[in-house]
Structure formats: C-alpha cells, structure tokens
Amino acid sequence: MSLSAKVRNWLDERFVWSELTAPLKKKTVPKHKYSYWYFLGGITLFLFMIQVFTGILLLLYYRPSSNEAFESVQYIMTRVKFGWLVRSIHSWSANLMVLTAFMHMFSVFFLKAYRKPRELTWLSGIVLLGLVLGFGFSGYLLPWNTVSFFATKVGTEVAGQVPVVGHGIMVFLRGGEEVTGATLSRFFGFHVALLPGLATLFIGLHLLLVQRLGMSVPKSVEAEWKTLPKERREMHFFPNFLLRELSAWYVALAVLGALAAIWPWGLGVKADPFAPAPTGIRPEWYFLFMFQTLKVLPAKLGPLDGELVGILAFSVGALLWALLPFFDKDGTNRPRRWIMGAGIFVLTYMVAMTIYGYFAA
Amino acid sequence: MWLPIAFGVLFFLPVGVSAQTTNSCLDCHLVLDPPQKVSREEAAKDIHFQKGLNCTSCHGGDATNDDPNIAMGRAKGFKGKITRAQVPALCGSCHSNGSYMRQYNPSLRTDQLSLYVTSVHGKLFAHGDTKVAVCVDCHSTHSIRPPADTQSTVNPVNVAETCSRCHGSADYMKGYKIPTGQFNDYSKSVHHEALAVRGDLSAPTCTTCHGSHGATPPGVASVSAVCSTCHVFQAQLFDASPHKAVFLAMELPGCVTCHSNHLIAHPTDEMLSTGAGSVCVKCHLDGDAGFLAAQDIHGKLKKLEAAISRSDQILDQAESSGMEVSQARLQQAQGRDALTKARVTIHGAQVEQVNSDVQTGMNVAEATYQAGVAALAELNYRRKGLAVSLATIILVLIGLRFYIKHIESPSTARHGDSST
C-alpha cells in the first residue's frame, strides 16, 4: 500500500474522510467558452488568503499609533528580513483583489449568473465587495503618510456630507471631529478585527451558496445545450477544475511577485496633521470615479448641494445594483436589455471617470 | 522736492470713527483742484483719521464753523500750510509725548524725533537743508498707514523703494556726493531676494542696517556690528580670526570687504578659491600662507560638495527604482548641515576648524553613499530572486498543464472531462 493510501486510510478510520470528500468527487463544473470567467472569484479568494497571511506577518511589527505607525512600516521595509516583500505584496495584493473583485462582479453581471436561484450569492458578493473596499479604505491610512492622511480626511469628509446621519458617520469613522491618532487606532481595529471577521463570515456564506447551487451556465450556452444535448460538457471539480484554478493562482502569484519586486510599494512622507494639504490629493484608484464625479459636479444643483446630489445618486445606484436580481426576472426581453445597457453604462462610466481622475490636474 | 503740502498734514474726511461729526474743511477741499484737493478714499485709510484726529489737529482752525474767514482765522489758531521746516516739530509735538501717545498705542516708541536729530537727515535739516527727508517724505502726508500695513510706504517690503525715491535719483542727490546706485544694487542682492521674493520679513532692508529715524551710514568700525545682529556665528568667528586685527589696521570695513554692502550676492565657494571670483586674492599673493590656506579650504569644500552630490545621485537612483532610502536621506541632511557649517567656519580663517566640519560631512556622505550602494545591491538581489521565482512558477504551470492533459487523456479519463 502506498504512503498516500495509508494516510487516507488512517484519516478514514478517524474522520470518515471518504464521506467528506465524496461530494467533491461527484461535483462537476460546466465547461464552455465562458468558463475562464469562473476563475476570477477563485483568484479573488486566493488574493484574500495572501492578504490574511501577509497581514499577520505585518502585525508582528506594525504599531498602530500616530507616533509609531510610519516608523514601524519604515522599519518593516528597511530592517525586517523580506519585510519590504511582505509589505509590497500586501499592498499590491490589496489592489489586485479590488480589481479582480470588480471583474468578478461584472463577469457575473454580463453572464447573468445572478439569476434565480442565485440572488443570495449575488447579494453576499456585493457585501463582500463592500468589505473589500472597506479593507482598502481602512488599510490605506495605516502607514500614516501624508497622502493617506489627507485622502482619509477627504474620504471621511465625503461621508460627513450624507444628510442627517452624515456627521455621525464621520465622527464614528474618525473617532472625533478630526483625523487623529484615534482615527488610526479605529481604522486599525476595523482592518484587522471587524472586517476580517465579517469577510470570513460572508466568504463562508458565498462559498456555501456556490457549493449548493453550482456554477451558473450562461443563458446562450444553456439554450445551445438544450438544442444540441451532445454538446453539453462538464468537468470534475476535483481535480480537473481545481488544478486549473491552481494554475490561475500561480499566474496571480507570479504577477504579484513581479509587481512587488519591480515596483515595491512606496512609503511616502510621514503625515503632519498641522501641515497644509498637498495639492493633487486623491483617493486610491478604486474610489477615483466617485471622487472625480463629486469634483466635477457644480456647487449647486437646483436647490441642493452638488456634492450631496452626487452622494445620493451613488447611494441609490449602489442599492439598485445590489437588488438587480430582483428586477431582472425571466419574462419580457425589454427590461433585461435595459439592464444590460445600464451595466455597460456603469462599467464605461467607472473606467472613464477613473482615467479622467487619474490624469486630471 | 517741495511736496504739495501747502495745506499741511491732515484734511480728513468724516468716514468711519470720528470725534467730529461735521467738518467744514471738506466743503471746499473735496472739490478744490490738487494739491488742495483731498480724497475720501485716501483719508479713510489714514491711521490718524482712524484714531479720531481731523484736519484741525495739525492745521489748527475751527472745522465746525462754516464761515471760511472764521474757520481759517488766526483767532482759531489756524496754521494754514505746514512748511517742510515745520514738519518734524509738528509731528514730534505728539509723537514725542509719551503720555499723549499712550492713549492711542502704548507700545509705540516716542523717540523718533530725538533719533531724527542724530541722523544725517536730521543734522543737515538742523543746518537749514530742508531738501533732506522729513517725516512726510517717508510716511506720506494724508494717507499714513501703520508700518505693519503691507501698503504702508514704511512696511519692510516697501522701505527700499521709499528710500530710493530720493537716494536713487542722481538729479535729486546732486550735491550730496554720495552714490545713487544703492537701490539698484540691493535689488540684485540675496537680502532683497529673501525679503521681496521669499517674503521673509526678517530679511534686511535699508533701515535694518542704517536705522530708520536715526538713519546714518555704518562706519568702518560698526559694519561688523551691523551684520552680526543677524550673522552671529560668522561675526564671532571673524572676531577671533587673524583677519580681524589686519582689517582694522588696513581700515577695511569687515564683512563688506569680501561681501560688498548693498549688492550682497549669494556667497559661493569660488569666493574662497584662488581663481576667478576669489575675494582672497584681493589681498593675498600667490604662494603666501593665506593664499595656500584659501586653496586648501576651497578644495575641501568642493570635495565635500561632490561627495554629497554623489550620494544624492545614488540615493535618487535607488529611490526611483522603488527602494526605501528615507533614512539615508535623513542622514544626508546632516552632511549638508556639515557643509553649511564648514562654509560658516571659514570666517575664522582656520584651516583645522574647517577640516573638522568637512570631515564630519565626508563621513556622513560616505555612509549615505554606502547605503545607496547597498540599496542597489538589494535591488539586484530582488530581481534575481524574482527571476528564480518566476522561472519556478512557470515550470510548475507547465507541469500542471501536462498533468491536466494527462488525466484528461482518453486513456486516463477516469477523472477527466465527461460528456453528459
């Protein structure tokens, strides 16, 4: 008996292992021309695991106080063995994770994978995207450099514009009226405790739903398979799909390593709360489309404040986007075409405004 | 320069706070032709008017009476036109009175007139020369603003221009036998740049060195004292240097000998050299001890400057490659400080003292250069590490691809694709 068989037997006797792995052996994944889009969710999960791993390593040295945060990150990057790599990978991985999460969302949108019965999968995914953005926003401040300090100031100010509850949200986020060391402690708490806890919960739910409902097949492929049942192709999840997913993770790892080694994430200059804000302060790229929109809006739109109109529009838009599966039901083609047009518009708008925001003076 | 002050110092208008509600002076002077005309805007900005004084405070008379013969009558103490000869005494009648001035501004000095009489202006004035500056020439007549007001003619930023109205005019200064290019020179100086371009109000203007009310040119003996009010260390080093006694013996005006007076340009290391731009060779001859010391000091300063520049270049290169070198950058500031200190120390004309500062800077520059070298070596190491990692990943990917192909081949299709 081979060693692996011996181990399997040993586990089987103690955990009834074969019963646990039986569903995996039966589980299949549809195979068609759009199958590659399935990998985006897995890559996002892989990047999240990288974040957890590198985040734990950073925690060994990082000090969450306004007096020590910058110096501790500087120490990690200059004195700790491979600290530069861990920090660079953490920063690059965070950005790639936001990118793949958005790509995953839009791929699900355009393949209409959110259709019944996957409404809850879509909703949990939207929550996860919000959590990812929360990770990005809270983590950005932690090195306590000038750019992150003022970007957080601007970001929390925007939150403060929300009618009625805005000021309360701003004070809650900042831990006071201004961005101070209290904000840093608070953001650190969100970043390493609250958000990871919530993310683990929702990732669990998301994966459970994917497991229970299986991968969605695009309508066009489904129709094709209905006409030509012989064309229907599937592959086993284990090991065929998993090995492919693993290959995608390796590619992601290679990209991540190359980015971290060729363009190590900079540290900038330590934040000085008493210094005037430097010119050209802008948030991370994934908030840029919103930031640029608020910037180009006129001060007044009718009787309302321009910025307020922008914030309300984004809030309503995000809510409608989250509730999308409940609008896009099977039935007439008209609303579905309208939704597809709206999706193309949203994607184009986000990309265009991000590019505009990046190059705008 | 007879200014149109025929009607004296003040014809103020009833705008803002005024102790007097009617002012018959204005009935005529608002509509008269210049120089008798007064303007509402001009007067509203005047500090005297703002404090509640009016036309009669300087010119006498009765502004409450509408009859010009009574209002400007001798019985009412009307003084009429205040001549230039009367101006210092008239202004001094209030500004030298401490108890009177205290009600308006307790911190304002009251020694302007006593200083004025000691100034070159005041001395010539006492000898009957009314062409020299009196109070109104610098402070204006009817729109006198406090010096802190940026539009005031005596605000630090505007002082040089105010002085140059007379001292820059060759025609007006004819007969006084003093040059008139001071403002032109000062405009090109490092001091003017600091004050006018960088907005550093602590930078010197004419009055900083010459005094304001007691304006006088600093003599040979007092030049160092004037410069040392700001350049303390340079002055201390110079006083302890062998140059001090020699300069005094040769009646050379200290700092001005090397740096000039009004046209004080950015000091350069070349001033210490024995080549072009050298000030040392004005006195020292080729081969003498001072000549050799200047050569030595100049060489060392240049060496330190080059070492710092070399470190900057390698740190720039490392930083643009994404390496974290901020600590070396911080350390590099100490090297620059050492260079600045060495450039100050040269005023002591002691080679050993300069050497000590230069050596401190050289040590720092060497350390930061090595930090740059180490950063670039680390970058190289990272790139090699990346190449090895990528090669490994590519190999694994190829292996996975083959393995997938193998398990999905018809012969081993046990775990492969399945058509349903």
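Can you spot the lysines whose alpha carbon is less than 18 Å from B:Lys81's alpha carbon? Ignore those fewer than 8 places along the same chain.
Correct list for B:Lys81: B:Lys37, B:Lys131.
State whether the stretch A:207-273 is rounded, prolate or oblate according to the following rule on the C-alpha gyration tensor (a ≥ b ≥ c being the square roots of its eigenvalues): a/c under 1.5 gives rounded; otherwise a/b larger than b/c gives prolate, and the remaining case gives oblate.
The shape class here is prolate.
Taking amide H positions as placed in the peptide plane 1.01 Å from N, state which residues far from B:Asp200 in sequence (5 or more) or on other chains have amide H under 5 Å from it.
Correct list: B:Leu195.
Sort A:Phe135, A:Phe106, A:Phe327, A:Phe274 so the one with the fewest other Cβ atoms within 10 Å of its own Cβ comes first.
Result, fewest neighbours first: A:Phe274, A:Phe327, A:Phe106, A:Phe135.
For A:Thr28, list long-range residues whose amide hydrogen, built 1.01 Å from N in the peptide plane, is under 5 Å from its own amide hydrogen.
A:Phe237
Would you mind checking the pairs B:Lys174/B:Lys244; B:Lys303/B:Lys341; A:Lys26/A:Lys226; B:Lys177/B:Lys282 and listing those with alpha carbons more than 24 angstrom apart?
B:Lys174/B:Lys244; B:Lys177/B:Lys282
Run through all the Cα pairs of the stretch A:57-216 and give the fraction in each 10 Å bin from 0, expressed as whole percent.
Reading upward from the zero bin: 10, 32, 31, 20, 7, 0.
What list of ³J(HN,Hα) values in whole Hz, one per residue of the stretch A:272-283 in order, does the Karplus curve 6.51 cos²θ - 1.76 cosθ + 1.60 (θ = phi - 60°) give from phi, with Gly and Pro shown as x?
10, x, 8, 7, x, 5, x, 6, x, 5, 8, x
Once both axes come from the Cα atoms, what is the angle between helix B:156-167 and the longest principal axis of chain B, in degrees from 0 to 90, rounded to 10?
Taking the Cα atoms of chain B, the angle to B:156-167 is about 50 degrees.
On a 0 to 90 degree scale, rounded to 10, what angle separates helix A:306-322 from the longest Cα axis of chain A?
10 degrees
What does the charge count around A:Val80 come to, taking other residues whose C-beta lies under 14 Å from its C-beta (Lys +1, Arg +1, Asp -1, Glu -1)?
So the environment of A:Val80 carries a net charge of +1.
Counting only other residues whose beta carbon sits under 12 Å from that of B:Ala377, what net charge do I get with K and R as +1, D and E as -1?
In short, +2.
So between B:Cys283 and B:Asn380, what do we pick up on full extension, going 0.36 nm a residue minus the alpha carbon distance?
Here the segment from B:Cys283 to B:Asn380 would lengthen by 29.5 nm.
Report the charge-dipole magnitude of chain B in Debye, nearest 20, computed about the Cα centre from +1 at each Lys and Arg Cβ and -1 at each Asp and Glu Cβ.
Using only the charged Cβ atoms, the result is roughly 320 debye.
For the stretch A:111-174 and the stretch B:73-124, write down the distance between their C-alpha centroids in whole Å.
With the stretch A:111-174 and the stretch B:73-124 each reduced to a Cα centre, they are spaced 69 Å.
Can you pull the mean other chain C-beta count within 10 Å for peptide B:314-325?
The mean count of partner-chain Cβ atoms within 10 Å per residue comes to 3.
What is the distance in Å between the Cα centroid of the stretch B:28-55 and that of the stretch A:6-72?
For the stretch B:28-55 versus the stretch A:6-72, the Cα centre distance is 84 Å.
Measuring from label point to label point, each 7 Å out along Cα→Cβ, what is the A:Phe110 to B:Glu193 span in nm?
Label-label distance for A:Phe110 and B:Glu193, simple model: 5.8 nm.
Distances over 47 Å make up what percent of all Cα-Cα pairs in the protein assembly as shown?
Counting pairs separated by more than 47 Å, the tail of P(r) holds 53 percent.
Which values, in whole Å and largest first, are the semi-axes of the equivalent ellipsoid of the stretch A:264-361 obtained as the square root of 5 times each eigenvalue of the Cα gyration tensor?
Equivalent ellipsoid of the stretch A:264-361: 34, 18, 12 Å, largest first.
Using a Cα-Cα cut-off of under 28 Å, which lysines could be cross-linked to A:Lys81, ignoring same-chain neighbours fewer than 8 residues away?
A:Lys270, B:Lys384
Step through the residues of the stretch A:226-239 one at a time and calculate ³J(HN,Hα) from phi using the Karplus curve (6.51 cos²θ - 1.76 cosθ + 1.60, θ = phi - 60°), rounding each to whole Hz and writing x for Gly and Pro.
Karplus values, whole Hz, x for Gly and Pro: 5, 6, 10, x, 5, 6, 4, 10, 9, 10, 5, 5, 10, x.
From the residues A:Leu253, A:Trp144, A:Phe287, which one has its Cα farthest along the dipole of chain A in the positive direction, the dipole being from +1 and -1 charges on Cβ of Lys/Arg and Asp/Glu about the Cα centre?
A:Leu253
Tell me the net charge near A:Val171. Cut-off is 14 Å between Cβ atoms, A:Val171 excluded, with +1 for each Lys or Arg and -1 for each Asp or Glu.
Local net charge: 0.
Ignoring the sites themselves, what is the longest stretch of chain B with no trypsin sites (Lys or Arg not before Pro) in a DSSP loop and at most 10 other beta-carbon atoms within 10 Å?
Answer from the scan: B:199-413.
Among A:Thr227, A:Thr200, A:Thr100, determine the one that fluctuates most according to a GNM of chain A built with springs between C-alpha atoms less than 10 Å apart.
Of A:Thr227, A:Thr200, A:Thr100, the most mobile in the Gaussian network model is A:Thr227.
Using label points projected 7 Å from each Cα along Cα→Cβ, tell me how many nm separate A:Ala318 and A:Asp272, to one decimal.
Result: 3.4 nm between the two label points.
Pull up all non-local amide H partners of A:Arg233: gap of 5 or more, or a different chain, and H-to-H distance under 5 Å with H placed in the peptide plane.
Amide H neighbours of A:Arg233: A:Lys31.
Measure nothing fancy, just the Cα-based angle from helix B:326-345's long axis to the longest principal axis of chain B, in degrees from 0 to 90, nearest 10.
50 degrees
Cut-off 10 angstrom, C-alpha nodes, Gaussian network model of chain B. Which of B:Leu390, B:Leu32, B:Leu113 fluctuates the most?
Of B:Leu390, B:Leu32, B:Leu113, the most mobile in the Gaussian network model is B:Leu390.
Computed from the coordinates by the stated procedures, all read-outs in this text should not be read as laboratory data. Note that the structure is a prediction, hence the values are computed from the model and not measured. Every residue, glycine as well, gets a Cβ built from its backbone with ideal geometry; the counts of neighbours run over all protein chains shown.
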